[in-house]
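Read-outs: derived from the displayed coordinates by stated rules, not from any lab. Note that the coordinates shown come from a computational prediction; the quantities given were computed from them, not determined experimentally. Neighbour counts are summed over all protein chains in view; Cβ atoms, including those assigned to glycine, are modelled from backbone coordinates with ideal geometry.
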Amino acid sequence: MRKLIVQQWATVDNIVAEEDGGMSFVTAQPMEKTTDEGFKSSVMEFIDTVDTMILGANTYAIFKDYWPHATDQGEFGKRLNNLTKFVASTNLKEAPWGGFLPATITSDPVATVQKLKQQHGKDIVLWGSLTLMNAMFRADVVDEVQMRICPTSRGKGTRLFTDQRELRLIAAQPFESGVVLLCYGVQQTQRWAALTPQT
């Protein structure tokens, strides 16, 4: 079965968005300019494992104005732009993506992901989109969380997790930039409840 992978940039104190909504803590350079070959290799390996991405409406609004024109992102940008794209929205009527195929709008993203996971293909990625991410967690459809931890803290802001989660470490990989990639498997609560003896 295909996996839904949530990928987020975060600080060491679990902040994924600053108080103003910004992400000034992200230190990654465009793929064509980075000298961190280990990080570049990791990013390229990951993009080869997915063929579909799903975004919330706000993240889509940011992505559509950047990624279709991001020539400094090289091969990574090309592969991202050619992913099958879904946007969760009840307001949008269309979701263009520059000169690439437009995104499909879904008013029921959980059902869409559940259907996609039953189909053949590579994995599905969710970038940013915190409201959508939390909806996916509540619906128990997230299989893996990948956190790119930046070597800085913010103290205040929006945290990735605000509830209790049981995670299983899959991999940890540091890079010369100071960024550390942490990959966790997610314990689906509904499956866990089904396996827990009732008293």
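Quick one: how many lysine pairs in the chain have C-alpha atoms under 23 angstrom apart, if they're 8 or more apart or on different chains?
22
Report the net charge of residues surrounding Ala103, where surrounding means a beta-carbon distance below 10 angstrom and charges are Lys +1, Arg +1, Asp -1, Glu -1. It would help to have the intermediate numbers written out before the result.
Details: positive: Lys64, Lys85; negative: Glu94.
Around Ala103, the charge tally is +1.
Report, in whole Å, the centroid distance computed from the Cα atoms of region 151-191 and region 60-77.
Taking the Cα centre of each part, region 151-191 and region 60-77 sit 25 Å apart.
Give me the log10 of I(q) over I(0) for region 61-110 at q = 0.14, 0.16, 0.23, 0.25 Å⁻¹, as the Debye formula computes it from C-alpha points; what are the numbers?
Once normalised to I(0) and log-transformed, intensities are -0.35, -0.45, -0.83, -0.93.
Treating the chain as a set of equal point scatterers at the Cα positions, no solvent, please give the Debye-formula log₁₀ I(q)/I(0) at q = 0.17 Å⁻¹.
Each listed q maps to, in turn, -1.31.
Which chymotrypsin sites (Phe, Trp or Tyr not before Pro) in region 113-161 sit in a loop by DSSP (not H, G, I, E or B) and have at most 15 other Cβ atoms within 10 Å of their own Cβ? Don't skip to the answer; put the middle values down first.
Numbers: sites: Trp127, Phe137, Phe161; in loops: Phe161.
For chymotrypsin sites (Phe, Trp or Tyr not before Pro) across region 113-161 that sit outside H, G, I, E and B with at most 15 neighbouring Cβ atoms in 10 Å, the list reads Phe161.
Report the net charge of residues surrounding Asn14, where surrounding means a beta-carbon distance below 12 angstrom and charges are Lys +1, Arg +1, Asp -1, Glu -1. Numbers along the way, then the final one.
Values: positive: Arg154, Lys156, Arg159, Arg165; negative: Asp13.
Local charge sum for Asn14: +3.
Report the chymotrypsin sites (Phe, Trp or Tyr not before Pro) located in region 59-114 that are in a DSSP loop and have at most 16 other Cβ atoms inside 10 Å of their Cβ, or state none.
none
Under 19 Å from the 7 Å Cα→Cβ point of Glu18, by amide nitrogen: which residues of region 147-181?
148-160, 179
Once you have all Cα-Cα distances for region 48-140, histogram them in 10 Å bins from zero and send the whole-percent values.
Once binned at 10 Å, the Cα pair distances of region 48-140 give 16, 51, 29, 3.
Expressed in nm to one decimal, what extension gain is obtained for the pair Val180 and Val110 from 0.36 nm per residue of sequence separation less their Cα-Cα distance?
Working it through step by step, the gained length comes to 22.3 nm.
Sum up the charges of everything whose Cβ sits under 14 Å from the Cβ of Leu83, counting Lys and Arg as +1 and Asp and Glu as -1, but leave Leu83 out.
With Lys, Arg at +1 and Asp, Glu at -1, the net is +2.
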